[in-house]
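Asker: Please find one structure pasted underneath; my questions will follow.
The values are calculated or read from the model by the stated rules, or taken from the named source; none is laboratory data. Note that this is a predicted model, so its numbers are computed, not measured. A quick note on method: Cβ atoms are made from the backbone with ideal geometry, for glycine too, and the neighbour counts reach across all protein chains shown.
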Amino acid sequence: MGIELLQGRPEAMDGRLDKERRCYDLLDGLGIGYQRIDHAPAMTIRDCEEIDQVLQVPICKNLLLCNRQHTAFYLLVMPGQKQLHTGDLSRQIGSSRLSFAAPEYMERFLDITPGSLSILGLMNDRDNHVRLLMDPEVLDSPYFCCHPCINTSSLRFTTEDLKEKLIPALGHAPLMVNMA
């Protein structure tokens, strides 16, 4: 693939979506330094293997879940190698049966399409429709990586900046959940 690690936002923003630009604006405004790689669309964890090697950060799974009634929504950020056990997660958060939320909820609440789900999408959830769930193991790495609301770029920044700057700015305090 020949992916190159770049510093910060793209120099030329032509052809970049507004939601991607807003991600760079948010990170720059918070004083978060980041590296970026541009790549072919990465729809799955498997698609991200070479990206992970370039970024030198373990990839996270980002899943949008909802309860049976479609009245409660959750963004789960967990290590890529772990498996989702909805029954166990449901018990931890006190929610009825969980399932994957339909793509229209992802777009409505987070302005993200499938394959691009990212914690950065929470900047678009001003009415707090989505609750952030995080496995604490995600915070063990010195760096965190995610998409800038599109799946043709990936970003790396420090986990300290994630905890100290980004999460507070997003206004979505995480509920820590342990995924087996």
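Asker: Can you report the number of residues in the stretch 32-53 which are modelled with pLDDT of 90 or more, closer than 21 Å to ASN124 by Cβ and either aromatic (Phe, Trp, Tyr) or not in a strand (DSSP E or B) (or both)? Step through it out loud before you land on a result.
Answerer: First pass over the stretch 32-53, keeping only residues modelled with pLDDT of 90 or more: 32-39.
This time we only want the ones that are closer than 21 Å to ASN124 by Cβ, so: 32, 34, 36.
This time we only want the ones that are either aromatic (Phe, Trp, Tyr) or not in a strand (DSSP E or B) (or both), so: 32, 34.
Final tally of qualifying residues: 2.
Asker: Next question. Taking the options LEU75, LEU170, name whichever one is crowded, with 18+ Cβ neighbours inside 10 Å, touching a helix residue (DSSP H, G or I) at 6+ places or on another chain (Cβ under 6 Å) and under 24 Å from ASP28 (Cα atoms).
Answerer: LEU170
Asker: Here is a further query. Find the residue count for the stretch 96-125, including only residues that are more than 20 Å from ALA180 (Cβ to Cβ), of a type in the set (D, E, K, R) and either in contact with a Pro (Cβ under 7 Å, 6 or more places away or on another chain) or without any contact (Cβ under 8 Å) to a residue 40 or more places away in the chain (or both).
Answerer: So the answer is 3.
Asker: Give GLY33, GLY29 a once-over and let me know the one that is within 20 Å of PRO148 (Cα to Cα), of a type in the set (Gly, Ala, Ser), exposed (fewer than 15 other Cβ atoms within 10 Å of the Cβ) and touching a residue at least 40 places away in the same chain (Cβ under 8 Å).
Answerer: Exactly one residue qualifies, and that residue is GLY33.
Asker: If only one of GLU104, GLU137 is under 18 Å from LEU162 (Cβ atoms), at pLDDT 95 or above and either touching a Lys or Arg at 6+ places or on another chain (Cβ under 8 Å) or not in a strand (DSSP E or B) (or both), which one is it?
Answerer: On the way: GLU104 fails: under 18 Å from LEU162 (Cβ atoms).
Going through GLU104, GLU137 in turn, just one is under 18 Å from LEU162 (Cβ atoms), at pLDDT 95 or above and either touching a Lys or Arg at 6+ places or on another chain (Cβ under 8 Å) or not in a strand (DSSP E or B) (or both): GLU137.
Asker: Right, something else. (1) among the aliphatic types (A, V, I, L, M); (2) modelled with pLDDT under 95; (3) within 13 Å of the chain's Cα centre (by Cα): which one isn't true of ILE119, the others all being true?
Answerer: Unmet for ILE119, out of (1) among the aliphatic types (A, V, I, L, M); (2) modelled with pLDDT under 95; (3) within 13 Å of the chain's Cα centre (by Cα): (2).
Asker: Follow-up question, since we're still on this one. Only residues in the stretch 57-82 that are without any contact (Cβ under 8 Å) to a residue 24 or more places away in the chain and more than 16 Å from HIS129 (Cβ to Cβ) count as the first member; pair them with residues that are of a type outside the set (Lys, Arg) and in a strand (DSSP E or B), Cβ under 6 angstrom, at least 6 apart or cross-chain, and list the lot.
Answerer: These pairs meet every condition: LYS61/MET78.
Asker: Next up: Could you go through the stretch 12-25 and let me know if any residue there is in contact (Cβ under 8 Å) with a residue 40 or more places away in the chain, part of a loop (DSSP other than H, G, I, E, B), in contact with a strand residue (DSSP E or B) (Cβ under 9 Å, 6 or more places away or on another chain) and under 18 Å from PHE144 (Cα atoms).
Answerer: Looking through the stretch 12-25, none of the residues is in contact (Cβ under 8 Å) with a residue 40 or more places away in the chain, part of a loop (DSSP other than H, G, I, E, B), in contact with a strand residue (DSSP E or B) (Cβ under 9 Å, 6 or more places away or on another chain) and under 18 Å from PHE144 (Cα atoms).
Asker: Considering only the stretch 159-180, state which residues are outside any loop (DSSP other than H, G, I, E, B), under 14 Å from the mean Cα position of the chain (by Cα) and not charged (D, E, K, R).
Answerer: At the first step, the residues of the stretch 159-180 found to be outside any loop (DSSP other than H, G, I, E, B) are 159-170, 175-176.
Applying the additional criterion that residues be under 14 Å from the mean Cα position of the chain (by Cα) yields 159, 162-163, 166-167, 170.
Of everything in the stretch 159-180, those that are outside any loop (DSSP other than H, G, I, E, B), under 14 Å from the mean Cα position of the chain (by Cα) and not charged (D, E, K, R) turn out to be THR159, LEU162, LEU166, ILE167, LEU170.
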